[in-house]
1. What list of ³J(HN,Hα) couplings, whole Hz, do you get for the range 68-78 from phi and the Karplus terms 6.51, -1.76, 1.60, once you set θ to phi - 60° and write x for glycine and proline?
2. Take peptides 216-223, 156-163, 42-49 and line them up by average Cβ neighbours within 10 Å, highest first, as a rough protection proxy.
3. May I ask you to list the lysines whose Cα is less than 26 Å away from that of LYS264, ignoring any residue fewer than eight positions away on the same chain?
4. May I ask for the net charge around GLN82, where only other residues with Cβ less than 14 Å from the Cβ of GLN82 are counted and Lys, Arg are +1 while Asp, Glu are -1?
5. Once you have the Kirkwood Rh of the chain from its Cα pairs, apply Stokes-Einstein at 4 °C and 1.567 mPa s and quote D in µm²/s.
6. Go ahead and run the numbers for FRET between ARG24 and GLU208, Cβ-Cβ distance against an R0 of 25 Å, rounding to 0.05.
7. Roughly how many nanometres apart are two label points built 7 Å out from the Cα toward the Cβ at THR233 and HIS296?
8. Can you tell me the convex hull volume per residue for the range 130-221, based on C-alpha atoms, in Å³ to the nearest whole number?
Amino acid sequence: MLHRHTLGSIPAKPHTVFRDAEGRLLMEQMVTREGFDGPFTILYYRVPPTDEFEVQRLELPGFCPFELVEDQPLCRRHIRPQDLPPGGDFLTGRRTLLVNDNLRLSACKPTEPAGRFFSNGDGDELWFVTHGSGHIESVYGVLPFREHDYVLIPKSTPYRLHLDGHRGTLLVFEGRPRLGIPSAYRNAWGQLTDYAPYTHRDFRVPAELLRYEPARHGAAPFEIVAKVGDRLTVHRYKHFPLDVVGWDGALYPVALNIHDFQPKTGLVHLPPTIHTTFAGDGFVVCSFVPRMTDFHEQAIPCPYGHASVDMDEVMYYVNGNFTSRRGIENESISLHPYGVPHGPHPGAYEKSIGTRRSDELAVMCDAYSRFRLTTVAASLEDAAYHRTWVGQDGASQWT
Ligand SMILES: [Fe+2]
């Protein structure tokens with residue numbers, strides 16, 4: 001996804017004999033994107049990754065399958081995942097909230113140790129760590145993460161997400177089929193340009209391979225839950241299925257802290273496009289981090305009223321002072337769909353004049369394909385939100 005990286009032992013040339021210290025022939029596996037035209041990684045397994053003995057259907061209601069709200073009138077929405085009861089692990093505790101053609105957006109507040117490994121064959125996954133710290137165990141090795149990290153996990157990577165103390169608050173985007181670094185931030189050689197909002201140095205990668213430990217990983221049968229077409233299957237193995245001696249390539253998980261995103265400020269208000277951090281087919285994920293605001297003497301730092309007539313806008317409020325939104329709290333999600341305009345709440349626009357700093361921390365997603373709420377999201381909805389731009393009697397509050 002980022003640049004070529006190597007971990008562990010690999011032979012001098014791909015597709016040649018490679019044995020371990022005991023003389024056993026290792027099995028090479030190529031993980032390829034877009035057939036053989038996209039980025040790839042070559043891994044070396046002690047036991048072939050095809051060596052599974054059983055497959056079984058699995059359902060985790062609320063995550064997969066999810067249920068969509070049938071009748072969904074067009075209005076601005078406020079969903080409160082902060083009211084979602086904590087429970088489960090990174091997989092069983094995941095709850096799908098918003099769905100469109102290219103994305104699944106879920107919340108997860110685990111309280112249990114990570115159980116089975118998971119491999120998402122529907123798309124790349126982007127976790128945002130609102131609260132907590134921990135590490136990812138994957139076939140590419142161990143990757144620690146901390147609060148306010150993005151953790152990007154390539155499609156079909158077997159992994160588990162461990163939280164320190166088994167507790168945390170997480171948001172996860174599934175980008176179908178891809179979610180990654182925008183091509184506009186790379187030069188023709190694949191390097192991140194100097195005007196990108198982050199550098200290669202800001203991304204952390206797995207630094208050690210995963211080793212099988214009976215106390216941590218248990219005994220056979222070992223299980224990987226795979227997701228394809230929004231259906232789950234459990235795949236069972238008699239050997240530890242993530243036992244790799246080395247790999248090299250451009251596909252592997254990475255972590256980026258949102259505070260390492262470099263914000264830009266203009267003479268007057270710059271469009272949210274400048275906050276773009278990741279992108280996929282038909283959508284972008286943006287980071288709003290504490291920053292200086294516009295420096296024109298007559299600038300209005302607060303966002304203007306906005307009719308984004310082609311894209312739905314989802315905002316996840318992490319912390320800070322969300323001056324333009326009434327009723328919004330940390331962990332709130334707003335959905336401002338195309339077809340109706342959105343904008344600052346009454347008073348916020350004028351109040352922002354003369355301010356020089358914004359301390360908001362938020363993650364935004366703009367998408368061409370219309371979002372639909374799941375029944376879980378509907379159960380967390382603040383139904384009064386659409387009307388919070390007008391008074392109780394319906395009178396305008398514009399001043
Ligand atoms: Fe907007």
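1. 8, 6, 5, 9, 10, x, 6, 6, 6, 10, 10
2. Details: 216-223: 14.6, 156-163: 23.0, 42-49: 18.4.
In descending order of packing, they fall as 156-163, 42-49, 216-223.
3. LYS351
4. On the way: positive: ARG80, ARG95, LYS109; negative: ASP83, GLU329, GLU331, GLU381, ASP382.
For residues surrounding GLN82, the net value is -2.
5. Working: Rh = 22.5 Å.
For the chosen part, D equals 58 µm²/s.
6. On the way: r = 22 Å, r/R0 = 0.88.
Once the sixth-power term is evaluated, E becomes 0.70.
7. Taking the simple label geometry, THR233 and HIS296 are separated by 5.7 nm.
8. Details: hull volume 12.7 nm³, N = 92.
Hull volume normalised by residue count: 138 Å³.
Every read-out reported here was derived from the displayed coordinates using simple, explicitly stated rules and does not represent laboratory data. Keep in mind that what you see is a predicted model, and the values were worked out from it rather than measured. Positions of Cβ are generated from backbone atoms using ideal geometry, with glycine treated the same way; all protein chains shown enter the neighbour counts.
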